[in-house]
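Heads up, the thing below is written out as structure tokens.
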Amino acid sequence: MEIKLEKIISGYSSEYLKDIDISFSSNDWIFFIGETGSGKSTLLQTIAYLTKIFQGKYYFNGKELGNKESLKEFRDKIGVMFQYTEKQFFCNSVKEEITYTLRRKKVSGIEIEKRLEEIIELLNFPKEILKNSPFEISGGQKRFTALASILINEPKILILDEPTAGLDIENKRVFYNVLEKLNSSGIMIIQSSHTLEDVLKYGKRVIKLENGRIVKSGNPKDILLEEKSESIDIFRRLSQKGIDLSKIYSIEQLCEVMLGE
């Protein structure tokens, strides 16, 4: 899978993207960072081909998007989860919500049940809530329901806007464990995050936006050491003292190393 944007100008009157040159490929795990209003969500929507592109070219697997055939192939490969995805729920039960797209595609009942079982196992999803209304479950369960409804379609590209916002520590850990498994299997992940520690721990590349423009792109450690955050400040100070941080990607790992010493 490959996505390439060339000199893209897109967005809304309140939040434009300007001269976006960027590319992604299979196995990438990219994080977008930046202040509120910097353009992270608009860029994710642009990549998902859900907002107006005024100028520039968008390529998917070497072909310019635009005609029906290329768009269909693109839509079949992509899964999108917005920050408040649960607001898009409309089915009567969690099970109906998760399987809606497959039922709409007229996938056989046997295949639907098979995929549902696989997703439940992957996410460690509580079967007892499948009969519940998606509007009456907890916030964390809503997040996992939204993720399940995407993953059941077996996407090759995931676009996630602040996907763990509001999750407690344990649910967040489970969520990221699932993303790690998906990425290791070759799925491309493009997401935004305000939590720099997550970017440091999981990101393979980080892109910073300011006022609708890409201002930095590269290795998470190199980019994040310039950001303001208490935990990032610990890494910065240790790095300045010459301590090797090449194999440390989280505060937890740092504590383990220091305790081990």
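Here, each number is a calculation from the coordinates, and none is a lab measurement. If you're wondering where the values come from, they're calculated on a predicted model, not measured in any experiment. Note that we place each Cβ from the backbone using ideal geometry, even for glycine, and neighbour counts take in every protein chain shown.
Structure notes:
- Between the residues Ser192, Ile159, Val107, the greatest Cα displacement towards the positive end of the dipole of region 101-211, with unit charges on the Cβ of Lys, Arg, Asp and Glu, is found for Val107.
- Put a plus charge on the Cβ of each Lys and Arg, a minus charge on the Cβ of each Asp and Glu, and nothing anywhere else: the dipole of the chain about its Cα centre is then about 820 debye.
- Ranking of Glu69, Glu180 by count of other Cβ atoms within 10 Å, fewest first: Glu69, Glu180
- Here the gap between Phe135 and Gln55, fully extended at 0.36 nm per residue and compared with their Cα-Cα distance, gives a gain of 24.9 nm.
- Order of Tyr202, Tyr12 - criterion: other Cβ atoms within 10 Å of each residue's Cβ, fewest first: Tyr12, Tyr202
- Applying a DSSP loop filter and a limit of 15 other Cβ atoms within 10 Å to the trypsin sites (Lys or Arg not before Pro) in region 1-79 leaves Lys52.
- Residues of region 107-135 with amide N under 13 Å of a point placed 7 Å along Cα→Cβ from Ser185: 115-124
- Of all aspartates and glutamates in the structure, those lying under 14 Å Cα to Cα from Lys221, and not within fewer than 8 positions of it along the same chain, are Glu197, Asp198, Asp233, Asp244.
- Taking amide H positions as modeled 1.01 Å from N, with prolines and chain starts lacking one, the residues under 5 Å from Glu2 and 5 or more places away or on another chain are Asn61.
- Of the options (1) 42; (2) 22; (3) 13, only one is percent of Cα pairs over 34 Å apart as computed from these coordinates, and that is (2).
- Across Lys87/Lys181; Lys87/Lys156; Lys40/Lys63; Lys4/Lys208; Lys40/Lys216, pairs whose alpha-carbon gap is larger than 19 Å: Lys87/Lys181; Lys87/Lys156; Lys40/Lys63
- Take every Cα pair under 8 Å whose residues are at least 6 apart in sequence, average their separation, divide by the length of the chain, and the relative contact order is 26 percent.
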